[in-house]
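Below: the structure, in structure tokens.
What follows draws every value from the coordinates through simple rules; no lab data is involved. Here the structure is a predicted model, which is why all the values come from computation and not from measurement. FYI the Cβ positions are ideal-geometry reconstructions off the backbone, even for glycines, and counts take in every protein chain you see.
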Amino acid sequence: MNGTSVADGARVAEVACDESGSDGENLTGGNTLVFAHASVRLPVETAAAHVQEIRDRIRSPAVEYKANHLLREKHRAVLEWLLSPDGPLHGHAHVHLVEKAFFVVDRAVDLLLDDPDAALALFRQGRPTFGDAEWREFLTAANRLLRVRHAGDARAPVEDFFRTVDRLRRAHSGSEPAGILERLAAARSRALSYRAEIDGGPAPLVPVLNPLLPSVVRTAAHWSAGGRPVLLAHDRQNMLTPDRIAWIEDTARRQGVALAGVRLVVAREDARVQLADFLAGIARKIASDELNGHGEPALTALLRPYTGPRAVWGDEPSWARLGPVAEAGDCRTELNSAV
């Protein structure tokens, strides 16, 4: 398709997607800090011409180009051209960013308290209050509590998490996050029920710790915001089984998102997906650098037009630089409505 098709009498925009930063359920101990889901809306022929121009500019003998080709310092001019207002992606691409540490906190607090405001407050107050080591301990315990795959005693993740919460609650009584810790400490029964359900039955269709599925919904919401139905052509991904694609489509429908469907494609056979792959990897690297405090202002400014206000992001200083200009002061997420 060249960007549009006809379904049920309505013109449907086709958008190609890919992701970067998947670490399975190991969100706090994996290789990346950020998950990025990128999407590109261009005719296939136009995208192919852009990919060929990238190859002509970089002149690498590699059969398949990836984002790291563009991220090399010797190809900085190509990277800046790709993202620039005069480049091929401007106005035709979008990237949904997920800060993995915040995703874990948000999912844990949603499970135990069903309170998104508490998740954001705990995330922003936790690290400066607890210190790096204790904050990392809390994140690791929360990740273990939520992850589906666990070897050993089924109760161990629950006990480990609540020991961590109790230790922090005692050590930091009177601090800003103390009230949230008290509420978490009282939610043991909900954690036990969650572990009993996932340990005693089949694996859940939608793992709590997987950011891909809600990100696909958010991508569809972005492109269909004007009311035009959108069909997503997504790079093949083991997580995107037929049942999970059905979940994505049903979730989008319940949220009023005009998603006409999701189809899987082979990246090397679709230049639009290749461009989405470039953007996802580039965005993940730039956003990770901002989180680590050594972002490059010029690259961050080039990425900013592609990011959306619905990012799952808790770190306020970095989002002030990464987020859309009109939304820079608001990095609240609507994740809870997407899972």
If you line up the long axis of helix 156-171 against the longest principal axis of the chain, both from Cα atoms, how many degrees apart are they, to the nearest 10?
-> 70
How much of the DSSP beta bridge set in the chain is antiparallel, as a percent to the nearest 5?
-> 55
For a quick protection proxy, order the peptides 25-36, 54-65 by their average other-Cβ count within 10 Å, most packed first.
-> 25-36, 54-65
What's the angle, to the nearest 10 degrees (0 to 90), between helix 44-58's Cα axis and the longest principal axis of the chain?
-> 90
